Amino acid sequence: MKLYRKLICALLLAATLFGLVACSGGGEPGKTETKPSGTKVTDESVTTEEPRNDIADLPEDLNFGEEKFTIRSLVQQPASKEFEAEQNGSVIDQAVYGRNRGLEEKYHCVILSDETVGDTNKSTMLKETEEMVNGGFYNNQILVTAGYRMCDLAINGLLTNIRTMDGISLSKDYYSQGHNEALSFANDYQYLITGRMSMSFYRYLTVMFYNRTLFRDYGVEDPYDLVMNQKWTFEKAAEIASAIHLDNGNVNDSIYGFVGYVGGGSSQTDGFMSAVDMRVVGKDENDCYKLMFDSTRLDDTVSKILKLLHSNGSYVSDTWEGGGNVAVPGKFTAGTAGMIAFRLYAVESGDMVALGNTGLGYGILPLPKADEIQDDYVSYVQDQCFLFGFPKTLPDELKQKVGWFFEAYASDSYEMTKTTYYEKALTRRYLDAKSKTIMETIDSKVYVDPVNVYLSSQFKFTTARLRKVYNGESSVTEIVEKYIKGTDNLLESQVNGLNEIYGELK
């Protein structure tokens, strides 16, 4: 076990991955993630230790008798090789190999991986799982792909209720309480699970990258101070974007304060609704889904977002590739843009590594708040984040074994993430105390709107509708007229439909 932890430390230092593992130990229904158990400071002179909630409650003699556990995954390239790899491959491969072999040795089991790297927009997993379950088989005990595609499996009745499985403790810190809240139903039913035990949780976390050199050269305010003083808002980001601007007559040679891709296929802006704490679908007192759409507040918050996107110093395009420095995010990695919103896996790209190694490089901020009145910064994990599920055809005895195995897997994976992302990669790459605090802030609040995880399987109102507003193709008024005030009251009927589906599966 010591060997694989050393390997993983080397892995993330080499890949310049980073993150944080400050997560919730439960939380109230409908609330965002909160920081984990650990050190609690009650005043300036007294420090106490809260009970840890990140250690699995496993039997000391847990032994699977060489049982084989197969993980079937369909993933995009940026999140591949999380489940199995060769010992003599890259540093990442060696780390994953070491984790699995450590689990096998400790718990006397065999971990098998059946991974396909491909297009998660296709319904491959749905078709495969339908054939497997309808045939009465359980060739794969653990199924995983992009979250919105796993929801297809859940609402089609192909997965087992996790709350009937021994071993899995949903309140542990390594599981995402934001996802638990979004995916549970009527308090006793849940078919999908994820959390900080998966690297995909961090890879698909959306943040704001900023160019330290440009911020220094243009003399704008220290963004870390803005965050810590609760002044990092979309309006403030728009002011900074306007300040960092040099028009040299063409896009290639000009400097912008903010660049962004706002095309129909963009996901860069999808986290903005979470950032301004705008909820579309939530839960009622019976833990069933309910519409929380507030058209007035939506109009207000979107107007603040548009101030950044259409600032004098912003360059937004509905085309991903523009050639040279015009490509998004090419201008940021070329050093001619002050800010860009992007998923955290960008730090693994060669261009971002190179930027980080030049001068002051770049820093990372949470997405801005709606205003200073908003209580917290809220983060968003894109729908490509892995969700895990288990086929409903698992025999009872095997289902309970899978539950205990998955808890052991989640706990050990979380421990790897904590020791590498936070204690090693973060503190060594970002040496100052401010940077550490900012990363804690980013990871301390995560909200998951059911609209975002069920977007292809149930809801026709999706973040893609807002993309059209951001790029000027639509307006908030048109959205409200179509989804809220229309004769079909479309969004409400879809929420009721989801409740009916899960009601029948109970």
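The values are calculated or read from the model by the stated rules, or taken from the named source; none is laboratory data. Fair warning: this is a prediction, and the values are worked out from it, not measured in the lab. FYI the Cβ positions are ideal-geometry reconstructions off the backbone, even for glycines, and counts take in every protein chain you see. Surface areas here come from the heavy atoms of the whole protein model, side chains and all, with no ligands, DNA or RNA. Shrake-Rupley method; radii C 1.70, N 1.55, O 1.52, S 1.80 Å.
Remarks
- Filter result for residue 138 (in contact with an Asp or Glu (Cβ under 6 Å, 6 or more places away or on another chain), aromatic (Phe, Trp, Tyr) and either open to solvent by less than 50 Å² (accessible area, probe 1.4 Å) or modelled with pLDDT under 95 (or both)): no
- Selection of first residues in the range 100-123 that are closer than 17 Å to residue 150 by Cβ and touching a residue at least 60 places away in the same chain (Cβ under 8 Å) and of second residues that are in a helix (DSSP H, G or I) and open to solvent by 60 Å² or more (accessible area, probe 1.4 Å), restricted to Cβ pairs under 9 Å at least 6 apart or on distinct chains, gives an empty result.
- Every residue from the range 149-180 that is over 19 Å from the mean Cα position of the chain (by Cα) and more than 16 Å from residue 391 (Cα to Cα): 167, 169
- Flag: residue 222 does not match the condition of being more than 26 Å from the chain's Cα centre (by Cα), free of Cβ contacts under 8 Å to residues at least 12 places away in the same chain and under 24 Å from residue 472 (Cα atoms).
- Residue under evaluation residue 291, criteria (1) over 23 Å from residue 472 (Cβ atoms); (2) touching a Ser or Thr at 6+ places or on another chain (Cβ under 8 Å); (3) aliphatic (A, V, I, L, M), criterion not met: (2)
- Filtering 466, 491, 455, 498 for residues that are modelled with pLDDT under 85, aliphatic (A, V, I, L, M) and touching a strand residue (DSSP E or B) at 6+ places or on another chain (Cβ under 7 Å) leaves a single hit, 491.
- Test result for residue 157, small (Gly, Ala, Ser), in a loop (DSSP other than H, G, I, E, B) and more than 29 Å from residue 415 (Cβ to Cβ): yes
- Checking the range 120-134 against the condition returns a match, with at least one residue being buried (at least 18 other Cβ atoms within 10 Å of the Cβ) and more than 24 Å from residue 396 (Cα to Cα).
- Among helices (runs of 4 or more DSSP H) entirely within the range 182-278, having at least 2 residues that are open to solvent by less than 10 Å² (accessible area, probe 1.4 Å) and not basic (Lys, Arg) singles out 199-203, 223-228, 234-243, 272-275.
- Which numbered condition residue 447 fails, given (1) among the hydroxyl-bearing types (Ser, Thr, Tyr); (2) open to solvent by less than 40 Å² (accessible area, probe 1.4 Å); (3) farther than 19 Å from residue 150 by Cα; (4) at pLDDT 80 or above: (3)
- Subset of the range 54-68 that is among the hydrophobic types (A, V, I, L, M, F, W, C) and in contact with a Ser or Thr (Cβ under 9 Å, 6 or more places away or on another chain) - its residue that is most open to solvent (accessible area, probe 1.4 Å): 55
- Residues satisfying the stated conditions in the range 71-104, i.e. among the aromatic types (Phe, Trp, Tyr) and either open to solvent by 10 Å² or more (accessible area, probe 1.4 Å) or part of a helix (DSSP H, G or I) (or both): 97
- When residue 178 is tested against (1) part of a helix (DSSP H, G or I); (2) farther than 14 Å from residue 381 by Cα, exactly one condition is not met: (2).
- Selection within the range 356-375 - in contact with a Leu (Cβ under 9 Å, 6 or more places away or on another chain) and β-branched (Val, Ile, Thr): 364
- Top-ranked residue of the range 384-418 - restricted to ones that are more than 21 Å from residue 105 (Cα to Cα) and assigned to a helix (DSSP H, G or I), ranked as most open to solvent (accessible area, probe 1.4 Å): 397
- Restricting attention to the range 282-299 and to residues that are free of Cβ contacts under 8 Å to residues at least 24 places away in the same chain and in a helix (DSSP H, G or I), the residue that is nearest to residue 243 (Cα to Cα) turns out to be 297.
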